[in-house]
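Below is one structure; the comments refer to it alone.
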Amino acid sequence: MIGYVLEVAQAALALLLAPGLVGLIRWMKARLQNRRGAPVLQPYWELGKLFRKEVVVSNNASWLFRATPFIVFASVVAVTFLVPILAVPLPFDGVGDLLVVVYLLLLGTFFLSLAGLDPGSPFGGMGASREMTVAALAEPTVALAIFALALSAGSTNLGQIVARTMTDPGAALSPGHLLAFGALFIVTLAETGRLPIDNPATHLELTMIHEAMVLEYSGRYLALIEWAAAVKLLIFFSLLGNLFVPWGVSVTMTPSTLAIAVASLLAKLVVLAGVVAVLETRIAKLRLFRVPELLSVSFVLALLAVTSSFLLR
Amino acid sequence: MDSVFSQLSVMGSSLALIFGLILLWRRGVTAYISAFTWQSRVITAVTVVVAYFGHDHELYWVAGALFILKGLVIPRLLRRMERRFAAERELEPYVNTATSLVISGLLVLFGYAITRPLVALSQLPTRAGMPLAMGLVLVSLFVIVSRKKALTQVIGFLMLENGLALLAVLGTYGIPLIVELGVFLDVLMGFLVMQIFVYQIHETFESIDVEQLNRLRH
């Protein structure tokens, strides 16, 4: 029973924290660039404002355009139930393993690009085509990188991978884990539309990917999509944090360990947000044609990770 | 203790391999030189680790010589060359970037396959790093054959030598000091000769693209 309560609490926490995480990255970036920056809570106000605004939909749009925000949001909410964010083992661990997580995330991406094509605006089609180019290369890398961990844990279940790394701390420094971390970090930047691949700060830039697809959305639809994008960022960050550095995740369901779990989750998110903010300040956006090359770097890293954890078992 | 030792050596060799892969992904000479410098420093660190855990005092001297030669002197000479050839970027290699990365992944797999008997034979805690060092050797060879600029090929050669040094340290805890010194001298001489060649190629063709050498046939 307590497991199910915990599942719901974990999903609610992820949904609540996600806009704050985006706001934190924006604020850190602003400070690093000598700007004052919007407050960390700004994304919450923006979401609130969008939810109150009127929805404008193109005459050419079909039901797909209206359904997509809900599908995208529902798929990330489903993932928050399956990913070990606070505690392991969870009752839903048996429902879906890493493959379910990867393909639920891909489902959202797929519908988002369909919706980009749907109203027939040139920007939407361009964004959709680019998003598919990135997703086709990024998705297998995510699966492969987590597979490297699954091989050493002997299970594709995310909860068991976390539990296994905790019992065997030396494994966290093995080359398989380090290479997989590198691969998953690059893919996180690609999947969540961060800087070397996509610029989250600008609208109407000719090289935009995610922004181009959602250009036609407004009002509560846009709010749902933006919120889902923030939750996706949080999911990837907690995967990076909890799969590779699992300490702090609660294994016994007592209040004190759960408090530690929340605190360590916050600490990991802040550290990763800091890394992303510094990275985004230091590097420029890649040319679009260089993006597949960066993703093949991460694919090779993931491949090497699988090889070394397979052969060094 | 042994597990820490083997973790450290494997981590060092993975890092060395990743610095080798940078040669395939980046295009500017500056990035190549810093990749080579850091790779040499990582290999120095691996040598120090092996010396400490293997209780081999001679290896400290090897590590010192390695650091001075490949971590300081050669990078410095490379930087001097770079000042002249900074505009020569690796824009059109024989094999494009994405394909060469995938090929290098396969080469590392191949490295695993061919070092299998070697790893099975060895009892040393460092044996797990040997396939990675072999992978580095193969990847550097691939850099030499797939890139057009003479300077890239020179750096590929230096990384090949780094890979061999790493393989020697991991596989046998290093070769005798006198042999090691001979190898270092050879590397330095080889590098100086290649440097003269690069300057000569540039003098003759106003470019360090080795494709230009085909014109010599007429």
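The values are calculated or read from the model by the stated rules, or taken from the named source; none is laboratory data. From a predicted model like this one, the values you see are computed outputs, not experimental measurements. For neighbour counting, all protein chains shown are included, and Cβ atoms are generated from backbone atoms with ideal geometry for every residue, glycine included.
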statement: For the range A:152-177, the count of residues that are surrounded by 20 or more Cβ atoms within 10 Å (Cβ to Cβ), within 25 Å of B:Ile18 (Cα to Cα) and not polar (S, T, N, Q) equals 4
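Looking at the range A:110-132 only, could you name the residues that are under 15 Å from A:Phe70 (Cβ atoms) and outside any loop (DSSP other than H, G, I, E, B)?
Of everything in the range A:110-132, those that are under 15 Å from A:Phe70 (Cβ atoms) and outside any loop (DSSP other than H, G, I, E, B) turn out to be A:Phe110, A:Phe111, A:Leu112, A:Leu114, A:Ala115.
Return a yes/no flag: does the range B:115-131 have any residue that is farther than 24 Å from B:Ser3 by Cβ and either in contact (Cβ under 8 Å) with a residue 12 or more places away in the chain or touching a helix residue (DSSP H, G or I) at 6+ places or on another chain (Cβ under 6 Å) (or both). Explain how you work it out, then say what you get.
Here is the first cut: in the range B:115-131, the ones farther than 24 Å from B:Ser3 by Cβ are none.
No, the conditions are met nowhere in the range B:115-131.
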Residue list for the range A:52-78, filter: touching a Lys or Arg at 6+ places or on another chain (Cβ under 8 Å) and farther than 13 Å from A:Tyr217 by Cβ: A:Val76
field: Per-region count, the range A:123-142, residues aliphatic (A, V, I, L, M) and under 19 Å from A:Leu301 (Cα atoms)
entry: 6
task: Kindly check whether there is at least one residue in the range A:178-188 that is over 17 Å from A:Ala143 (Cβ atoms) and at pLDDT below 80.
output: no
query: Which of the residues belonging to the range B:1-36 are more than 9 Å from every other protein chain (Cβ to nearest Cβ), hydroxyl-bearing (Ser, Thr, Tyr) and closer than 26 Å to B:Thr99 by Cα?
result: B:Thr30, B:Tyr32, B:Ser34
field: Any chance B:Val139 is buried (at least 17 other Cβ atoms within 10 Å of the Cβ), over 19 Å from the mean Cα position of the chain (by Cα), within 13 Å of chain A (Cβ to nearest Cβ) and not in a loop (DSSP other than H, G, I, E, B)
entry: no
query: A:Ala145: closer than 23 Å to A:Val297 by Cβ, part of a helix (DSSP H, G or I), of a type outside the set (S, T, N, Q) and within 14 Å of chain B (Cβ to nearest Cβ), yes or no?
result: yes
Some residue of the range A:176-184 being more than 14 Å from chain B (Cβ to nearest Cβ) and not acidic (Asp, Glu): yes
Qualifying residue in the range B:100-112 (condition: touching a residue at least 60 places away in the same chain (Cβ under 8 Å), within 14 Å of chain A (Cβ to nearest Cβ) and hydroxyl-bearing (Ser, Thr, Tyr)): yes
query: Looking at this structure, is B:Val49 over 30 Å from B:Val102 (Cα atoms), within 14 Å of chain A (Cβ to nearest Cβ) and over 14 Å from the mean Cα position of the chain (by Cα)?
result: yes
message: Can you confirm whether B:Thr30 is assigned to a helix (DSSP H, G or I), modelled with pLDDT of 90 or more and not acidic (Asp, Glu)?
response: no
task: Within the range A:186-237, track down each residue that is more than 20 Å from A:Ser62 (Cα to Cα) and aromatic (Phe, Trp, Tyr).
output: A:Trp227, A:Phe236, A:Phe237
field: Qualifying positions in the range B:157-208 - in a loop (DSSP other than H, G, I, E, B) and more than 28 Å from B:Leu124 (Cα to Cα)
entry: B:Glu206, B:Ser207, B:Ile208
message: Please go through the range B:209-218 and give me each residue that is assigned to a helix (DSSP H, G or I), free of Cβ contacts under 8 Å to residues at least 12 places away in the same chain and not basic (Lys, Arg), ordered by number.
response: B:Gln212, B:Asn214, B:Leu216
task: Take the range A:32-68 and flag every residue that is loosely packed, with under 13 Cβ neighbours inside 10 Å and without any contact (Cβ under 8 Å) to a residue 40 or more places away in the chain.
output: A:Asn34, A:Arg35, A:Arg36, A:Pro39, A:Gly48, A:Lys49, A:Arg52, A:Asn59, A:Trp63
- prompt: Out of all the residues in the range A:154-166, is one or more within 13 Å of another protein chain (Cβ to nearest Cβ), in a helix (DSSP H, G or I) and either touching a Lys or Arg at 6+ places or on another chain (Cβ under 9 Å) or among the small types (Gly, Ala, Ser) (or both)?
  reply: no
- request: Please find, among A:Val40, A:Val72, A:Val8, the residue that is farther than 19 Å from A:Leu243 by Cα and not in a helix (DSSP H, G or I).
  value: A:Val40
